[in-house]
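Notes follow once the structure below has been shown.
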Amino acid sequence: MDNTLKSIIDNQKDYFNSKKTIDINFRIALLKNLKKEIELNEKDIENALNVDLGKSSGESYLTEIAFVYFEIKIALKNIKKWVKRKPVRSSLLNFPSSDYIIAEPYGNTLHISPWNYPFQLAIAPLIGAVAAGNTVLLKPSEYSVNTSAILNKILSKVFDDGFVKVVQGGPEIASEILKFKWDYIFFTGSVNVGKIVAKEAAKNLTPVTLELGGKNPCVIDKTASLKVTAKRIVWGKFTNCGQTCIAPDFLIVDNKIKSKLIIELKNQIIKTYGEKPIESVEYGRIISEKHIKYLSSLIENQKILYGGNIDIDKKYFQPTLVELDNLDSKLMQNEIFGPILPIIGYDDFNEVDEFIKKYSHPLALYIFTKNIAFGRKFLESYPFGGGAINDTVIHIANDRLPFGGIGQSGMGKYHGESTFKTFSHFKPYLSKPLWIDPPLRYPPFKNKINFLKKLLKLIQ
Ligand code: NAD
């Protein structure tokens, strides 16, 4: 076992055991410092995101930095309320007693984050973990190296290594870290690696949050307003070059409006990124050569309706629309996670059910329709992480909507108070006086069982 890692982790254990993180004012001060340090480094964060993923500064601010400021603001505003010991009604059986629930930190937490929103997805869980009083060891992605470096710079300035520490590296180092005993593991990434994490966590019965991916269906019925539908789909799909876990993965469209929608989608792509997205500052890049080669292989021999141009050296992949006749295409075998949007038509809405069930328990599900009651009925009849009627991706912007997957797309929820809850054990206890001790619960029961039964029936 790696000695450097061991000493980092031992240090975090000692830090947690010293109870420094229990002080709420200390947590608040550090979260405020974190915000200040991010503000000081805003330009460098944007630059790093630009080098790693070609993100424009506007996109970086909106989807990564502002998101994190908001999470800090919510934590600072509510932390004192969240940590307060909460009295709950006692049970008659315990009379007399005072009953409470208190949020306590799990302890030493491990966070493993991905490359697609490398700043936001590393910092947002950390805010809740710190607010709840846990230490954090963060292993960011080995692909977004520039953002990982700035994360390290900011976090090591704000926190003692015992409280928060960044350890950089790829799967080898992540595997080493997973061998240690953690009190909580928060993982964001692919389904395959999520399974490895869950297996390692199970060895120590460590609770986990798994924020995973999957194929997110997006249904468009014949009543949908096509211009605004196209606008919201193009935005959700091609922001960050399709490398968004809750982006619509594929469209299921009523054949009556399919060709009209395709025209609107093309118009909207051009309106957003121009005729040559390669020249647009607003259009991002694919994270690595390996990923772009994989994406290119997906569109070989496909019916491309629009796009398809690729420049591997520039890590450029044009927004691409593909028409599909069935689900056998290689595009429909795994999550695409890139700027390729397959479009499948349906004649009868009953066919949609088959498509949704095939990719069951997605991270997100979307429907565009003018019939809101129908949209609600649709969303309420399938299991999925989170979703929207007449929009894509944007449910992420409400901290009161817990964010996370179900089944194949993960387990656990976060954002806003949910993050604090994720990193807290809600510990119940009761307190009894010694001066009274009703004899009912103590054997022998012979002469009191009838009375006890009556009493229990009364309160059941
Ligand atoms: P990934 O699973 O390849 O890597 C994620 C992290 O796990 C990285 O830090 C990586 O170094 C680490 N890792 C890799 N192999 C490991 C191993 N054997 N043991 C332990 N850790 C290991 O995912 P990615 O390519 O970085 O991200 C893309 C995936 O993440 C997509 O599937 C996407 O849908 C998903 N994702 C989900 C969310 C969400 O909130 N649900 C958000 C972003 C991305």
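The values are calculated or read from the model by the stated rules, or taken from the named source; none is laboratory data. All values derive from a computational prediction rather than experimental measurement. Positions of Cβ are generated from backbone atoms using ideal geometry, with glycine treated the same way; all protein chains shown enter the neighbour counts. Calculation scope for accessible area: heavy atoms of the full protein, side chains included, ligands and nucleic acids excluded. Shrake-Rupley method; radii C 1.70, N 1.55, O 1.52, S 1.80 Å.
Quick check on Lys86: is it open to solvent by 10 Å² or more (accessible area, probe 1.4 Å), away from the ligand (no atom under 16 Å from the Cβ) and on the phi > 0 side of the Ramachandran plot?
Numbers: open to solvent by 10 Å² or more (accessible area, probe 1.4 Å): yes; away from the ligand (no atom under 16 Å from the Cβ): yes; on the phi > 0 side of the Ramachandran plot: no.
No, not satisfied.
Residues to consider are Lys222, Lys199, Lys231; find the one that is in a helix (DSSP H, G or I), among the basic types (Lys, Arg) and away from the ligand (no atom under 11 Å from the Cβ).
Details: Lys222 fails: in a helix (DSSP H, G or I); Lys199 fails: away from the ligand (no atom under 11 Å from the Cβ).
Result: Lys231 is the single residue among Lys222, Lys199, Lys231 that is in a helix (DSSP H, G or I), among the basic types (Lys, Arg) and away from the ligand (no atom under 11 Å from the Cβ).
So if I check each of Leu110, Leu137, which one is within 15 Å of the ligand (Cβ to nearest atom), in contact with a Phe, Trp or Tyr (Cβ under 7 Å, 6 or more places away or on another chain) and at pLDDT 95 or above? Break it down into steps so the answer makes sense when it comes.
Working: Leu137 fails: in contact with a Phe, Trp or Tyr (Cβ under 7 Å, 6 or more places away or on another chain).
Testing whether each residue is within 15 Å of the ligand (Cβ to nearest atom), in contact with a Phe, Trp or Tyr (Cβ under 7 Å, 6 or more places away or on another chain) and at pLDDT 95 or above leaves just Leu110.
What's the number of the condition Gly375 fails, among (1) part of a loop (DSSP other than H, G, I, E, B); (2) open to solvent by less than 20 Å² (accessible area, probe 1.4 Å)?
Evaluating Gly375 over (1) part of a loop (DSSP other than H, G, I, E, B); (2) open to solvent by less than 20 Å² (accessible area, probe 1.4 Å) leaves (1) as the failure.
Does at least one position in region 244-262 carry a residue that is touching a Leu at 6+ places or on another chain (Cβ under 6 Å) and open to solvent by 40 Å² or more (accessible area, probe 1.4 Å)?
Yes, region 244-262 contains a residue that is touching a Leu at 6+ places or on another chain (Cβ under 6 Å) and open to solvent by 40 Å² or more (accessible area, probe 1.4 Å).
Report, by residue number, each residue of region 287-320 that is in a strand (DSSP E or B) and either away from the ligand (no atom under 16 Å from the Cβ) or among the hydroxyl-bearing types (Ser, Thr, Tyr) (or both). Write out each step before concluding.
Here is the first cut: in region 287-320, the ones in a strand (DSSP E or B) are 303-306, 310-311, 316-317, 320.
Across region 287-320, the qualifying residues are Lys303, Ile304, Leu305, Tyr306, Ile310, Asp311, Tyr316, Thr320.
Counting just the residues of region 276-299 that are under 23 Å from the mean Cα position of the chain (by Cα) and β-branched (Val, Ile, Thr), which one comes out surrounded by the fewest Cβ atoms within 10 Å (Cβ to Cβ)?
Of everything passing the filter in region 276-299, Ile287 is surrounded by the fewest Cβ atoms within 10 Å (Cβ to Cβ).
Here's the yes/no breakdown for (1) small (Gly, Ala, Ser); (2) within 25 Å of Gly410 (Cβ to Cβ); (3) assigned to a loop (DSSP other than H, G, I, E, B); (4) open to solvent by less than 30 Å² (accessible area, probe 1.4 Å):
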position: Val322; (1), (2), (3), (4): no, no, no, yes
position: Gly338; (1), (2), (3), (4): yes, yes, yes, yes
position: Ile343; (1), (2), (3), (4): no, no, no, yes
position: Ile356; (1), (2), (3), (4): no, yes, no, yes
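Mind checking which residues of region 45-66 are hydrophobic (A, V, I, L, M, F, W, C) and in contact with a helix residue (DSSP H, G or I) (Cβ under 7 Å, 6 or more places away or on another chain)? Explain how you work it out, then say what you get.
In the first step, residues of region 45-66 are kept if they are hydrophobic (A, V, I, L, M, F, W, C); the result is 45, 48-49, 51, 53, 62, 65-66.
Listed by number, the residues that qualify are Ile45, Ala48, Leu49, Val51, Leu53, Ile65.
Condition check ((1) surrounded by fewer than 19 Cβ atoms within 10 Å (Cβ to Cβ); (2) assigned to a loop (DSSP other than H, G, I, E, B); (3) aliphatic (A, V, I, L, M)) across all residues:
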| site | (1), (2), (3) |
| --- | --- |
| Leu110 | no, no, yes |
| Trp115 | no, yes, no |
| Pro125 | no, no, no |
| Val130 | no, no, yes |
| Leu151 | no, no, yes |
| Ser156 | yes, no, no |
| Lys165 | no, no, no |
